[in-house]
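Working notes, beginning with the structure itself.
The values are calculated or read from the model by the stated rules, or taken from the named source; none is laboratory data. Small disclaimer: the values here were computed from a predicted structure and weren't measured. Cβ placement follows ideal geometry from the backbone for every residue including glycine, while neighbour counts extend to all protein chains displayed. Surface accessibility is based on the protein's heavy atoms, side chains included, excluding ligands, DNA and RNA. Shrake-Rupley method; radii C 1.70, N 1.55, O 1.52, S 1.80 Å.
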Amino acid sequence: KLTDNFDEKLHCLYKTNVLNNTNSDSFITDLQQYQDNDIKRGSTALGPHKDDFIFSINDYEAGKFASQGQQRSIVLALKLAEIVYIKNKTGEYPVLLLDDVLSELDEQKKAKLLQYLNKNVQVFITVTERELLPLNCLNHSEIDLFEVKNATLQRGIL
């Protein structure tokens, strides 16, 4: 939970593009119906690869109405749910890669995210500027810092 004092309610809807998803026979019929067009296009128009998730915040579609920060928070919430799911299925947390995520979070959300991850998950975090990495939120004994300067990888000092 990254937010404590917001009344926003996130809702997720899985939207399939399968026309008649009642059984596998009807799905096969739909695939056959589109087969000629699929061959011309070089890809299938139906199937789970075309499905989507529709997120809404307080009944407003996030893709249309959410701020960039709200959209980033949705993605992070999904990532956190995903690592918990993997932990529950495998007994171990996965390694998490966060590429330049911290630059888009306010200080409170950064701190909460890093405190949560610091307790549970091995994380690789990339930042474009060292100042974006709030070292006060991390357990220094378990950090390895690396910098890339002039196309050379150097071990950094905290």
Exercise for the section: Distance check, please: which entries in Lys64/Lys112; Lys9/Lys79; Lys79/Lys112 exceed 19 angstrom between their Cα atoms? Expected result: Lys64/Lys112
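Please report, in debye to the nearest 20, how large the charge dipole of region 30-158 is about its Cα centre when each Lys and Arg carries +1 at its beta carbon and each Asp and Glu carries -1 there.
Details: 15 positive and 19 negative charges, 51 e Å.
About 240 debye.
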Handout entry: Probe 1.4 Å, protein heavy atoms only - accessible area per residue of the chain in square angstrom
Key = 74 Å²
Practice task
Treating the Cα atoms of the chain as identical point scatterers in vacuum, please give the log10 of the normalised Debye intensity I(q)/I(0) at q = 0.11, 0.13, 0.15, 0.19 Å⁻¹, two decimals.
Solution key: -0.67, -0.83, -0.96, -1.20
Problem - Rotationally averaged projected area of region 31-107 (alpha carbon convex hull; nm²) - result: 9.0 nm²
Fill in the blank from the handout: Two pseudo-spin positions, 7 Å from Cα along C-beta at Tyr34 and at Lys15, lie apart in nanometres by 1.5 nm
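Nearest 500 deg cm²/dmol is fine: what mean residue ellipticity at 222 nm does the chain get from its DSSP H runs of n ≥ 4 alone, each adding -39,500 (n - 2.57), divided by its residue count?
Numbers: 4 runs with 59 residues, N = 158.
Helix-only estimate at 222 nm: -12000 deg cm²/dmol.
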Completion exercise
For region 32-154, the accessible surface attributable to carbon and sulfur atoms (probe 1.4 angstrom, ligands and nucleic acids excluded) amounts in percent to 50 percent
Problem - Eligible lysines near Lys50 by straight Cα distance, threshold 19 Å, same-chain separation 8 or greater - result: Lys15, Lys40
Practice task
Mind pulling the angle between the C-alpha long axis of helix 107-120 and the longest principal axis of the chain? Nearest 10 degrees, somewhere in 0 to 90.
Solution key: 90 degrees
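For the chain, what relative contact order do you get, as a whole percent, if you take Cα pairs closer than 8 Å and at least 6 residues apart?
17 percent
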Practice task
May I ask you to list the aspartates and glutamates whose Cα is less than 17 Å away from that of Lys109, ignoring any residue fewer than eight positions away on the same chain?
Solution key: Asp4, Asp7, Glu8, Asp99, Asp100, Glu131
